[in-house]
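Asker: Take this structure, written in structure tokens, and hold onto it; I'll ask about it next.
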Amino acid sequence: MMIVTAIDAVTLAIVAAIDAAVTYPVFDGPPSKLPGGTGQFKWLAIGVDVLDDQTGPATAAVMDQVWTGLGEVARSEDMHIHCVAVGRATSIASARALAMAVIQDVGTYLPKHPTPESYNALISTVSAVKPHNMAGGALVHIEFTISASARLV
């Protein structure tokens, strides 16, 4: 059976690898309920572009493919998986530092070859840093993208 896209397998592999390596919550897609109470000062959502807009579906990822190889027998796929790192603290600066620590963890634990057909996984873009003062402290969302490539036969 021909693989149509590697995006699901790559996303699942990335979520599993990072979740196994860190002690804070890692969500596959938008969480149905954000971590609350004490002790949840940072978390990560993989496969979602924004957490602060609940009006409709979020964008999880995008990809494009092109036929390659002699006789065009394979496809090269570039995929971009949207993510949000979140930090919560008593100040914007502290919350931002926590969210940046999440991104640092992603860079450290991100599998470079998430699946047998994929390669070159990396954090390719930080698209937004969104600070928010709230009662009792601050919340910072950092929206970023993990990019990877795959060769599909």
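Asker: Looking for whichever is of a type in the set (A, V, I, L, M, F, W, C), touching a Cys at 6+ places or on another chain (Cβ under 7 Å) and outside any helix (DSSP H, G or I) here; the options are Ile142, Ile146. Which one fits?
Answerer: None of the other options fit; the residue is Ile146.
Asker: Quick check: anything in segment 46-58 at pLDDT 80 or above and over 17 Å from the mean Cα position of the chain (by Cα)?
Answerer: no
Asker: Continuing with this model, one more query. With respect to the numbered conditions (1) in contact with a Pro (Cβ under 8 Å, 6 or more places away or on another chain); (2) hydrophobic (A, V, I, L, M, F, W, C); (3) at pLDDT below 95, which one is the sole condition not fulfilled by Val140?
Answerer: (3)
Asker: Next question. Just give me the residues in segment 84-98 being buried (at least 21 other Cβ atoms within 10 Å of the Cβ) and in contact with a helix residue (DSSP H, G or I) (Cβ under 7 Å, 6 or more places away or on another chain), in sequence order.
Answerer: The answer is Ala85, Val86, Gly87, Arg88.
Asker: Here's another thing I want to ask about it. Just to be sure I understand the filter: pairs with C-beta atoms under 8 Å, separated by 6 or more residues or on different chains, first member in segment 54-79 and closer than 25 Å to Val15 by Cα, second member basic (Lys, Arg) and open to solvent by less than 60 Å² (accessible area, probe 1.4 Å). Which pairs pass?
Answerer: Every condition considered, the pairs that remain are Gln65/Arg75.
Asker: Any idea which of Val126, Val102 is over 23 Å from Ala20 (Cβ atoms) and either in contact with a strand residue (DSSP E or B) (Cβ under 9 Å, 6 or more places away or on another chain) or not in a loop (DSSP other than H, G, I, E, B) (or both)?
Answerer: Val126
Condition check ((1) among the charged types (D, E, K, R); (2) buried (at least 16 other Cβ atoms within 10 Å of the Cβ)) across all residues:
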site: Ala45; (1), (2): no, yes
site: Ala60; (1), (2): no, yes
site: Met63; (1), (2): no, yes
site: Trp67; (1), (2): no, no
site: Leu70; (1), (2): no, no
site: Arg75; (1), (2): yes, yes
site: Met100; (1), (2): no, yes
site: Tyr119; (1), (2): no, no
site: Met134; (1), (2): no, no
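Asker: Out of contact with any Pro (no Cβ under 8 Å at 6 or more places or on another chain), surrounded by 11 or more Cβ atoms within 10 Å (Cβ to Cβ) and closer than 18 Å to Ser124 by Cα - does that describe any residue in segment 15-22? Explain how you work it out, then say what you get.
Answerer: Taking segment 15-22 first, the residues out of contact with any Pro (no Cβ under 8 Å at 6 or more places or on another chain) are 15-16, 18-22.
Restricting the remaining residues to those that are surrounded by 11 or more Cβ atoms within 10 Å (Cβ to Cβ) gives 15-16, 18-19, 21-22.
Going one step further and asking which of them are closer than 18 Å to Ser124 by Cα, we end up with 15, 18.
Within segment 15-22 (the criterion being out of contact with any Pro (no Cβ under 8 Å at 6 or more places or on another chain), surrounded by 11 or more Cβ atoms within 10 Å (Cβ to Cβ) and closer than 18 Å to Ser124 by Cα), the answer is yes, since at least one residue qualifies.
Asker: Criterion first (open to solvent by 10 Å² or more (accessible area, probe 1.4 Å), closer than 18 Å to Val15 by Cβ and not β-branched (Val, Ile, Thr)) does Ser124 satisfy it? Reasoning before the result, please.
Answerer: Working: open to solvent by 10 Å² or more (accessible area, probe 1.4 Å): yes; closer than 18 Å to Val15 by Cβ: yes; not β-branched (Val, Ile, Thr): yes.
Considered against the rule, which asks whether it is open to solvent by 10 Å² or more (accessible area, probe 1.4 Å), closer than 18 Å to Val15 by Cβ and not β-branched (Val, Ile, Thr), Ser124 comes out as yes.
The values are calculated or read from the model by the stated rules, or taken from the named source; none is laboratory data. Because the structure is predicted, anything quoted here is derived from the model rather than measured. Note that each Cβ is placed from the backbone with ideal geometry, even for glycine, and that neighbours are counted across all protein chains shown. In case anyone asks, the SASA skips ligands and DNA or RNA and just uses the protein heavy atoms, side chains included. Shrake-Rupley method; radii C 1.70, N 1.55, O 1.52, S 1.80 Å.
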